[in-house]
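Here the structure comes first, spelled out in C-alpha cells, and everything after it is commentary.
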Amino acid sequence: MSTQDSTKVERNKMFNPEGNDAVSARTIIKGSTTGIFNLNDVKYPWAKAMYQVMIGNFWVPEKVSGLKDDARDFHSVLNADEQRAYKGILSFLIFLDSIQTVNLPNFSNYITSPEVNLILAIQTYQESIHSQSYATILESVVTAEERDAIYYYWREDTILLNRNAYIGQIYQDFVDNPTDHNFFRGIIANFLLESLYFYNGFAFFDTLVDHMKMPATGRMIAYIRRDELTHVTLFANIIREIRKEFPAIYNEKLLRDMFEVAVTQEIEWSKHILGNKIPGINAQTTEEYTRWLANERLAMLGIAPLYPDSMKNPYKHLDRLQDPNADKGNFFETTVINYTQSSNMAWSWDF
C-alpha cells in the first residue's frame, strides 16, 4: 500500500476558531473550516442549486394512495416469479436505504464544505423517508409473516447476503480506518449504490407498472427515484471535485474496477432473482441494461465506457414511465443538467 493510501483523513472539528471559511481556502475534503455554516459564500454553486431542488422534492409515503389495490394484485395478479422478485428486490432496496441513512453522516464528517454538508444532511433525511416508504408498502401489501421474511431475505439467500456484505464492508472499512484510499473507495461505493444498484431495482417495479400491475408501489418508487437522481448527481460532483482538487487521491482504475465488480454482481443477482417468467424483463435484458447504465454513469464522470458494445438502453418503457418532474430529460448529459420541480423551482449547472 502506498503512503497516499495509508494517509488518514481528518475528521471535522465541531468548532475550530483557527479555521478559515474563506471560499478561496475551501476544499471538498481536508479543509480547515470553523464549523460555522456560512452559506452566503459558497465555492460549489452546484450544491446551492441542488439544495433548492432537494427541499422542493418533499413528500411523505403515507400520502401515496392505492396500496390496498396493490395488496390484491400481489396475491391474485402477480405470478410466482413476480412475487419472488418483488420480495427479493424490495429486500435489497430496504438494505440500501438503511445503510445509507446510517452511513451518510460518516462521509459528511470529512467533507469540508458547508454547502455540501447541508445537502448531505438532506439526503440522509430523504433516505430515512425511503425506509419509511418501504415499511408503508410492506404494511399494506403483504402479511406480517411475509413482511419479516422480506426484511431478512438475505438470511436465506446467499447471493443477496453477498451483495449486502460487499457494500457494507466497504463502508465499514472506512469507519474503522479512515484513510484517503478507504474514503475514496467509500465514495465510489456510494455512487454505485445510488446510480446502479437502486436503478436496477427500480427497473423491475417500473416494468410491473408498464404491464398494469402494482401501480401504487410504482408511484412510491417514482418518488424515491426522483430523490435518488439528486443523490446520484451529488456524488458525481463530489468525485469530480476530488479529481480536480486532490488528484493523488483520485484513482480511476479503482473506480473502473469497482464498477466492473458491481455490474458482475448485478447480473448475477438479476439472473437469480428474476427467473424467466416475468413479462417485459428477464436476466438477459437486465444484463444489457446494467452494462448500458454503467456506461451512462461513467459518462457523468467524464470516463469512457466500460462496455462499448452496450450503448443502447434495451428498456424503452422506462423512458415513458419516468417522472415528468424529474427524470424525463436526458439526465445523463455531462454538460448541463436541468431539473424542474412542480413547485416551479429549477436549476442547472455545468459539470
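Take Val232 and tell me if it is touching a Ser or Thr at 6+ places or on another chain (Cβ under 6 Å), closer than 13 Å to Ile188 by Cα and in a helix (DSSP H, G or I).
Yes: the conditions hold for Val232.
Of all the residues that make up the stretch 273-292, how many are surrounded by 15 or more Cβ atoms within 10 Å (Cβ to Cβ) and assigned to a helix (DSSP H, G or I)?
11
Among residues belonging to the stretch 1-19 that are touching a residue at least 24 places away in the same chain (Cβ under 8 Å) and among the β-branched types (Val, Ile, Thr), point out the one that is surrounded by the most Cβ atoms within 10 Å (Cβ to Cβ).
Val9
Assess whether Leu104 counts as being in contact with a helix residue (DSSP H, G or I) (Cβ under 8 Å, 6 or more places away or on another chain), aliphatic (A, V, I, L, M), farther than 30 Å from Gly19 by Cβ and surrounded by 17 or more Cβ atoms within 10 Å (Cβ to Cβ).
Considered against the rule, which asks whether it is in contact with a helix residue (DSSP H, G or I) (Cβ under 8 Å, 6 or more places away or on another chain), aliphatic (A, V, I, L, M), farther than 30 Å from Gly19 by Cβ and surrounded by 17 or more Cβ atoms within 10 Å (Cβ to Cβ), Leu104 comes out as no.
Out of Asp148, Asp157, report the one residue that is more than 18 Å from Leu234 (Cα to Cα) and free of Cβ contacts under 8 Å to residues at least 60 places away in the same chain.
Details: Asp157 fails: free of Cβ contacts under 8 Å to residues at least 60 places away in the same chain.
Criteria check complete, one pass: Asp148.
If Lys63 satisfies all but one of (1) exposed (fewer than 15 other Cβ atoms within 10 Å of the Cβ); (2) closer than 19 Å to Val141 by Cβ; (3) among the basic types (Lys, Arg); (4) touching a residue at least 24 places away in the same chain (Cβ under 8 Å), what's the number of the condition it fails?
Among (1) exposed (fewer than 15 other Cβ atoms within 10 Å of the Cβ); (2) closer than 19 Å to Val141 by Cβ; (3) among the basic types (Lys, Arg); (4) touching a residue at least 24 places away in the same chain (Cβ under 8 Å), Lys63 violates only (4).
Mind checking which residues of the stretch 20-46 are farther than 9 Å from Thr112 by Cβ and either buried (at least 17 other Cβ atoms within 10 Å of the Cβ) or of a type in the set (S, T, N, Q) (or both)?
As a first pass, look at the stretch 20-46 and keep what is farther than 9 Å from Thr112 by Cβ: 20-25, 34-46.
The answer is Asn20, Asp21, Ser24, Thr34, Asn38, Asn40, Val42, Lys43, Tyr44, Trp46.
Which one of these is under 25 Å from Ala121 (Cβ atoms) and in a loop (DSSP other than H, G, I, E, B): Ile249, Ile242, Ile221, Ile238?
Ile249
From Phe205, Phe191, which residue is assigned to a helix (DSSP H, G or I), over 23 Å from Ala49 (Cα atoms), in contact (Cβ under 8 Å) with a residue 24 or more places away in the chain and in contact with a Phe, Trp or Tyr (Cβ under 9 Å, 6 or more places away or on another chain)? I'd like the intermediate steps shown before the answer.
On the way: Phe191 fails: over 23 Å from Ala49 (Cα atoms).
Sole residue among the options that is assigned to a helix (DSSP H, G or I), over 23 Å from Ala49 (Cα atoms), in contact (Cβ under 8 Å) with a residue 24 or more places away in the chain and in contact with a Phe, Trp or Tyr (Cβ under 9 Å, 6 or more places away or on another chain): Phe205.
Restricting to the stretch 38-74, name every residue that is touching a helix residue (DSSP H, G or I) at 6+ places or on another chain (Cβ under 8 Å), under 22 Å from Arg219 (Cα atoms) and assigned to a helix (DSSP H, G or I). Steps first, please.
Residues of the stretch 38-74 touching a helix residue (DSSP H, G or I) at 6+ places or on another chain (Cβ under 8 Å): 38-39, 41-44, 46-48, 50-51, 53-55, 57, 59-62, 64-71, 74.
Cutting the leftovers down to under 22 Å from Arg219 (Cα atoms) gives us 53-55, 57, 59-62, 64-71, 74.
Scanning the stretch 38-74 gives Val53, Met54, Ile55, Pro61, Glu62, Leu67, Lys68, Asp69, Asp70, Ala71, Phe74.
Pick from Tyr134, Tyr171: which is in a helix (DSSP H, G or I), of a type in the set (Ser, Thr, Tyr) and either out of contact with any helix residue (DSSP H, G or I) (no Cβ under 7 Å at 6 or more places or on another chain) or within 26 Å of Ser65 (Cβ to Cβ) (or both)?
Going through Tyr134, Tyr171 in turn, the sole match is Tyr134.
Among residues belonging to the stretch 1-44 that are under 28 Å from the mean Cα position of the chain (by Cα) and aromatic (Phe, Trp, Tyr), point out the one that is nearest to Ile239 (Cα to Cα).
Only one residue tops the list, namely Tyr44.
Scan the stretch 120-166 for residues that are within 17 Å of Gly88 (Cα to Cα), out of contact with any Pro (no Cβ under 7 Å at 6 or more places or on another chain) and of a type in the set (Val, Ile, Thr) and jot them down.
Passing the criteria: Ile137, Val141, Val142, Thr143, Ile150, Thr158, Ile159.
Given (1) among the hydrophobic types (A, V, I, L, M, F, W, C); (2) under 14 Å from Gly201 (Cα atoms); (3) under 18 Å from the mean Cα position of the chain (by Cα), identify the lone condition not met by Ile273.
It fails just one condition, (3).
Any idea how many residues of the stretch 303-325 are surrounded by 13 or more Cβ atoms within 10 Å (Cβ to Cβ) and either modelled with pLDDT of 70 or more or within 24 Å of Ile188 (Cβ to Cβ) (or both)?
10
Quick one: Phe259 ticks every box in (1) without any contact (Cβ under 8 Å) to a residue 40 or more places away in the chain; (2) buried (at least 20 other Cβ atoms within 10 Å of the Cβ); (3) not small (Gly, Ala, Ser) bar one, so which box is it?
(1)
The values are calculated or read from the model by the stated rules, or taken from the named source; none is laboratory data. What you are looking at is a predicted structure, and each value in this text was computed from that prediction instead of being measured. Heads up, the Cβs are rebuilt from the backbone with ideal geometry, glycines too, and the neighbour counts pull from every protein chain shown.
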